[in-house]
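Here the structure comes first, spelled out in structure tokens, and everything after it is commentary.
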Amino acid sequence: MIDWNAVISDDCAVPDDLGGAVDELVLMLAAADPVVRDEQAYRVLATWIRRGVLDGRLAALGDTMAERLRHPEIQARTFAPLILAAALERDLPVERRWYEEFTAWWPAEEDTRGWDEHLGWLHAVAHGADLAGSFGARLPPDDLPDLLATIARRVVAPTSYRYEQMEEDRVAEAAVRILRRPELTASAATGWLETVDELFATGEPGPLPVPVANTLAVLRATYVMADRHALHHRTAVTDAIAARLHLAFDAYPATRG
């Protein structure tokens, strides 16, 4: 066993047996202990990826992380996207199977808690959003509408967990990263909002349902970010979002004035 606290204290120095170290870190990344998983395994792996230490091992690591999205334990599933996202940020070519594993897992994940008293950070929504953003910067243009629709399906999915750990901001960041792609048409840049319309159409008198509250939070965050970025279809996107916000609460202006 490697003394990972010593490695971290030494600025994440690389051990002589890099392959063995990576295998150990990958196992630790699924640990229930948040110190082992987050403060040690994730911290070292992410640092080595950013520094290029693992450039020759990223494809295999990506395969492992994609497979882990089917792991039976929540903390293992939710930390895999962070490592896969970090690998993609090294300009690693996207493997189709990684994307398919992600789109099968993320919208359907039922445990969306941000924080657990014993497991620490879980953050399925936020961590998945980080990976969605990384995919969005690299997928072929024809896949971008599907990726935006995947984000929408995640946001409107039934849940009792109301976003409280800035999940909406991470989701909005991912959406805007995709919306900045110049290949998107105006209809593709706004089509994902049809999923929001389907949710809002189910509205009934009574307390605000949690999925609606989460969706409104994402819409507001996405509007602000989209309005401040040089999107090719910025007006179309912000007008489309404003129309949905106005529908939910008419004090939001539906048009610019």
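Taken together, the values in this text are just the output of simple stated rules run on the coordinates, not laboratory data. Just so it is clear, the structure is predicted and the values come from calculations on it, not from any experiment. Reconstructed Cβ throughout: ideal geometry from the backbone, glycine too, with neighbour counts over all protein chains shown.
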Whole-Hz couplings from phi, Karplus 6.51/-1.76/1.60, listed for region 71-88; x for Gly and Pro: 5, x, 9, 4, 5, 5, 5, 7, 8, 4, x, 5, 6, 5, 4, 4, 5, 5
Applied in sequence order to region 140-145, the curve 6.51 cos²θ - 1.76 cosθ + 1.60 (Karplus, θ = phi - 60°) yields integer Hz couplings, x standing for Gly and Pro, of x, x, 5, 8, 5, x
The set of residues whose placed amide H lies less than 5 Å from the amide H of Gly114, leaving out same-chain residues fewer than 5 positions away, is His123
For the chain, find the longest principal axis of its Cα atoms and tell me its angle to the long axis of helix 167-179, 0 to 90°, nearest 10. 80 degrees
In whole angstrom, how far apart do the alpha carbon centroids of region 167-224 and region 76-108 sit? 21 Å
Return, for the Cα atoms of the chain, the radius of gyration and Dmax in Å, separated by a comma. 19.4, 64
Net charge of Cβ neighbours under 11 Å - reference Tyr99; Lys, Arg +1; Asp, Glu -1: -2
Fewest-first ranking of Glu39, Glu100, Glu204, using other Cβ atoms within 10 Å as the exposure measure: Glu204, Glu100, Glu39
Picking from Gly206, Gly128, Gly56, which is most flexible by a Gaussian network model of the chain using Cα springs under 10 Å? Gly206
Per-residue HN-Hα couplings for region 148-157, Karplus 6.51 cos²θ - 1.76 cosθ + 1.60 at θ = phi - 60°, whole Hz, x for Gly and Pro? 4, 5, 5, 4, 4, 5, 5, 5, 8, 4
Based on Cα coordinates alone, diagonalise the gyration tensor for region 1-139, multiply each eigenvalue by 5, take square roots, and list the semi-axes in whole Å, largest first. 23, 19, 12
Counting Lys and Arg as +1 and Asp and Glu as -1 over every other residue whose Cβ sits under 14 Å from the Cβ of Glu194, the net charge comes to -1
When the Kirkwood radius is taken over all Cα pairs of region 148-257, what Stokes-Einstein diffusion coefficient follows at 37 °C and 0.692 mPa s, in µm²/s? 233 µm²/s
Checking a compactness column here: for region 145-199, what do you get for Rg(Cα) / (2.2 N^0.38 Å), N being the number of residues? 1.17
Taking the chain as a Gaussian network, Cα atoms linked when under 10 Å apart, which of Arg220, Arg170, Arg97 shows the biggest mean-square fluctuation? Arg97
Count the net charge of all other residues whose Cβ sits under 15 Å from the Cβ of Ala172, scoring Lys and Arg as +1 and Asp and Glu as -1. +2
